[in-house]
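Report on the following structure.
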Amino acid sequence: MAELASTQESILGPDLHIKGTITFEKSVRIHGHVEGAINGPGRVHVARDGRITGDVEATEVVIEGNINGDIVAADRVELKPTGHYQGDLRAAKLAIDAGASFTGHVTVGADAAKERAAKPANAPRAGQVTAKAG
């Protein structure tokens, strides 16, 4: 029973359109559309048909679909070949597969997720990608 609990994943199906904040404990897989923040200590997986318009804060984020919003990941972000991401990203580790699309700012390193610097008011969102080695 303990093994089942450690692998549990909440799934939001493709026919769901949720407006509001989602909180979770272990893992959530998004196939539908979420408009709002997603926060939890586990893993967020945006499937190919999934879309998030809002900020995401989790330990791990996997993007096969679309996210438009800021991400803070305590461990890692994986942007898969079908993934599209636009926003500011802070994570300890970042993996971007060939074919993926990323537009925004990135801070990567051991302390990146801990740093909560405010966004510059005049910072352009498109075309600027910076990385900080940790």
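Structure data summary
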| quantity | calculated |
| --- | --- |
| Of the GluC sites (Glu not before Pro) in the stretch 1-97, those whose Cβ has at most 15 other Cβ within 10 Å and which sit in DSSP loop | 9, 25 |
| Label-point separation, residue 74 to residue 16 (7 Å along Cα→Cβ), nm | 2.2 |
| Shape category assigned to the stretch 25-109 from the gyration tensor of Cα positions, a/c cut at 1.5 | rounded |
| Extension gain from residue 53 to residue 93, taking 0.36 nm per residue of separation minus the Cα-Cα distance | 12.2 nm |
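Where a number appears in this text, it was derived from the coordinates with a stated rule and is not lab data. Nothing here was measured: the structure is a model prediction, and the numbers come from that model. Here Cβ is always computed from backbone atoms with ideal geometry, including for glycine, and neighbour counts include all displayed protein chains.
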